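Reviewing the structure listed below.
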């Protein structure tokens with residue numbers, strides 16, 4: 001084998017190994033990877049008055065699971081949130097949902113969420129369960145300097161983090 005063919009073979013193997021590692025990480029049994037979620041103290045963008053989410057759509061990027069661990073949403077799962085006329089609706093990962101919400105200053109509260117009840121495969125089921133549970137405990141909302149929408153629970157833990165959608 002010539003040295004050029006040997007190097008091309010090694011490069012192809014390295015590319016294949018890297019692609020396989022990314023695919024396995026995205027599709028592992030839990031489908032999630034622990035993640036450091038931005039600090040509420042240092043990243044909150046200054047806002048004058050109440051936060052207005054009406055007419056906006058967001059993509060969930062990070063969440064806290066019911067056991068308190070922080071996770072990044074796997075690329076294969078696309079939970080969304082659309083805010084319109086006092087209702088938040090979207091996909092929780094597999095099923096669709098809606099819940100009434102109110103915002104006063106940086107305080108947010110959600111009423112009971114209703115959702116479809118299709119059986120979901122992993123990792124969608126795990127993300128969906130954590131997402132819908134989190135809506136019942138969040139009580140603070142902010143836009144961050146990095147463009148994220150962040151929701152916290154009463155203990156100040158980042159519960160849900162979103163990126164702006166279409």
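Bear in mind that the values in this text are calculations on the coordinates, not laboratory data. In this text the structure is predicted, and so the values were computed from the model without any measurement. Note: ideal-geometry Cβ built from the backbone for every residue, glycine included; neighbour counts use all protein chains shown.
Taking a ≥ b ≥ c as the square roots of the Cα gyration tensor eigenvalues, with a/c under 1.5 meaning rounded and otherwise prolate when a/b beats b/c, else oblate, which class fits region 34-164?
On the way: a/c = 1.71, a/b = 1.25, b/c = 1.37.
Cα axes put region 34-164 in the oblate bin.
Given labels modelled 7 Å from the Cα in the Cβ direction, how far is it in nm from residue 95 to residue 119?
Using points 7 Å along Cα→Cβ, the separation is 1.4 nm.
Percent relative contact order of region 34-164, based on C-alpha pairs within less than 8 angstrom and at least six residues apart?
Numbers: 285 pairs, mean separation 35.6, N = 131.
Averaging sequence separation for qualifying contacts and normalising by length gives 27 percent for region 34-164.
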